[in-house]
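Asker: Got a structure for you, written out below as structure tokens; questions coming shortly.
The values are calculated or read from the model by the stated rules, or taken from the named source; none is laboratory data. Keep in mind that this is a model prediction, so the values were computed, not measured. For neighbour counting, all protein chains shown are included, and Cβ atoms are generated from backbone atoms with ideal geometry for every residue, glycine included. All accessible areas refer to the heavy atoms of the entire protein, side chains included, with ligands and DNA or RNA removed. Shrake-Rupley method; radii C 1.70, N 1.55, O 1.52, S 1.80 Å.
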Amino acid sequence: ILNVEQSPQSLHVQEGDSTNFTCSFPSSNFYALHWYRWETAKSPEALFVMTLNGDEKKKGRISATLNTKEGYSYLYIKGSQPEDSATYLCASPTTGNQFYFGTGTSLTVIP
Amino acid sequence: DVKVTQSSRYLVKRTGEKVFLECVQDMDHENMFWYRQDPGLGLRLIYFSYDVKMKEKGDIPEGYSVSREKKERFSLILESASTNQTSMYLCASRRDSLVEQYFGPGTRLTVT
């Protein structure tokens, strides 16, 4: 079992604030790192799949960085909006087929 | 538009009943997965399948079985439902670990 941890567990921010959260994973035998957004009453949907150390990906106001040597990834949201309220999950697959998910960061953006 | 569908959004069953949860994907993916999600525990893998009729146990297979008779369909079976199987069940499929995983909408199962 791979130990994937996320922090913080939950976060409340004001509309317009920027925020970030962390995913940490074992750096040995790294294969890939996935970020998903899970809105209430919807399916989780993929934000990013990252594989290379130093990778930085961006989708609108959301971006993510990856450090495979030290085993962490950051997710940043710039100028949070109420529609960003969701649980953000990270997952690290093994070279086999198993994905190990963190417990998620629940973000609430207050209008 | 890619899709993973699950047979029910909400299900209430009695202890001891046999329960079938169905998942269908339309992306021709080899790999399909069943997870359960419980507060504070994240998504935990129950079973996965990498091909028709092939299956592998995940981290919490006890009390569950699966069936994959066709590539697009992956069923989760609770042989004799118990109250500790009350949970949100999510199905997912993907081509491989380097691309995103697609999830179904989830089935919230309550066992009374």
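Asker: Count, please, the residues in the range A:49-77 that happen to be open to solvent by less than 20 Å² (accessible area, probe 1.4 Å) and at positive phi.
Answerer: First, the residues of the range A:49-77 that are open to solvent by less than 20 Å² (accessible area, probe 1.4 Å): A:50, A:62, A:64, A:66, A:71, A:73, A:75, A:77.
Now restrict to residues that are at positive phi: A:71.
So the count comes out to 1.
Asker: Can you pull out every residue in the range B:88-104 that is closer than 12 Å to B:His29 by Cα and aliphatic (A, V, I, L, M)?
Answerer: Matches in the range B:88-104: B:Ala92, B:Val99.
Asker: Can you find, within the range A:21-69, the residue that is nearest to the other protein chains (Cβ to nearest Cβ) among those that are closer than 28 Å to B:Gln6 by Cβ and hydroxyl-bearing (Ser, Thr, Tyr)?
Answerer: A:Ser43
Asker: Separate question: Among the candidates A:Thr108, A:Thr40, which residue alone is under 28 Å from B:Tyr10 (Cβ atoms), modelled with pLDDT of 95 or more and either in a loop (DSSP other than H, G, I, E, B) or among the β-branched types (Val, Ile, Thr) (or both)?
Answerer: On the way: A:Thr40 fails: modelled with pLDDT of 95 or more.
Exactly one of A:Thr108, A:Thr40 is under 28 Å from B:Tyr10 (Cβ atoms), modelled with pLDDT of 95 or more and either in a loop (DSSP other than H, G, I, E, B) or among the β-branched types (Val, Ile, Thr) (or both), namely A:Thr108.
Asker: On the given criteria, is B:Thr15 among the β-branched types (Val, Ile, Thr) and not in a strand (DSSP E or B)? Quick ask: steps written out before the conclusion?
Answerer: On the way: among the β-branched types (Val, Ile, Thr): yes; not in a strand (DSSP E or B): yes.
So B:Thr15 fits the description; yes.
Asker: May I ask you to say which residue of A:Ala32, A:Ala46 is under 16 Å from the mean Cα position of the chain (by Cα), buried (at least 19 other Cβ atoms within 10 Å of the Cβ) and under 14 Å from A:Pro93 (Cβ atoms)?
Answerer: The match here is A:Ala32.
Asker: For the range B:23-52, which residues satisfy the criterion of being assigned to a loop (DSSP other than H, G, I, E, B) and surrounded by fewer than 18 Cβ atoms within 10 Å (Cβ to Cβ)? Spell out the reasoning first.
Answerer: Initially, the range B:23-52 is screened for residues assigned to a loop (DSSP other than H, G, I, E, B), giving B:26-30, B:39-41, B:52.
Residues satisfying the conditions are B:Asp26, B:Met27, B:Asp28, B:Glu30, B:Pro39, B:Gly40, B:Leu41, B:Val52.
Asker: Further question: How many of the residues in the range A:18-29 are open to solvent by less than 70 Å² (accessible area, probe 1.4 Å) and over 11 Å from the mean Cα position of the chain (by Cα)?
Answerer: Adding up the residues that qualify gives 4.
Asker: Would you check if there is a residue in the range A:51-61 being in a loop (DSSP other than H, G, I, E, B), hydrophobic (A, V, I, L, M, F, W, C) and modelled with pLDDT under 95?
Answerer: Checked the range A:51-61: at least one residue is in a loop (DSSP other than H, G, I, E, B), hydrophobic (A, V, I, L, M, F, W, C) and modelled with pLDDT under 95.
Asker: How many residues are farther than 12 Å from A:Pro26 by Cβ and of a type in the set (Phe, Trp, Tyr) when one looks only at the range A:66-82?
Answerer: So the answer is 2.
Asker: Then there's this: So A:Ala41 fits all but one of (1) aliphatic (A, V, I, L, M); (2) without any contact (Cβ under 8 Å) to a residue 40 or more places away in the chain; (3) surrounded by 15 or more Cβ atoms within 10 Å (Cβ to Cβ); what number is the exception?
Answerer: (3) is the only condition that A:Ala41 fails.
Asker: Take the range A:42-65 and flag every residue that is farther than 24 Å from B:Phe48 by Cβ and touching a Gly at 6+ places or on another chain (Cβ under 7 Å).
Answerer: A:Arg61
Asker: A:Pro111 versus (1) open to solvent by 50 Å² or more (accessible area, probe 1.4 Å); (2) under 19 Å from A:Pro8 (Cα atoms); (3) more than 13 Å from every other protein chain (Cβ to nearest Cβ); (4) over 9 Å from the mean Cα position of the chain (by Cα): which is the lone unmet condition?
Answerer: Result: A:Pro111 passes all but (2).
Asker: Here's a check for you: in the range B:53-93, which residue that is farther than 17 Å from B:Val24 by Cβ and small (Gly, Ala, Ser) is most open to solvent (accessible area, probe 1.4 Å)?
Answerer: Checking each candidate, the answer is B:Ser80.
Asker: Checking the structure you have, find out if any residue of the range B:89-111 is away from every other protein chain (no Cβ under 12 Å) and more than 27 Å from A:Thr87 (Cα to Cα).
Answerer: Start the filter on the range B:89-111 by keeping residues that are away from every other protein chain (no Cβ under 12 Å), which leaves B:89, B:109-111.
Checking which are more than 27 Å from A:Thr87 (Cα to Cα) leaves us with none.
Within the range B:89-111 (the criterion being away from every other protein chain (no Cβ under 12 Å) and more than 27 Å from A:Thr87 (Cα to Cα)), the answer is no, since none of the residues qualifies.
Asker: Is it the case that the range A:78-92 has a residue that's within 14 Å of chain B (Cβ to nearest Cβ) and either surrounded by fewer than 18 Cβ atoms within 10 Å (Cβ to Cβ) or of a type in the set (Phe, Trp, Tyr) (or both)?
Answerer: Yes, the range A:78-92 contains at least one residue that is within 14 Å of chain B (Cβ to nearest Cβ) and either surrounded by fewer than 18 Cβ atoms within 10 Å (Cβ to Cβ) or of a type in the set (Phe, Trp, Tyr) (or both).
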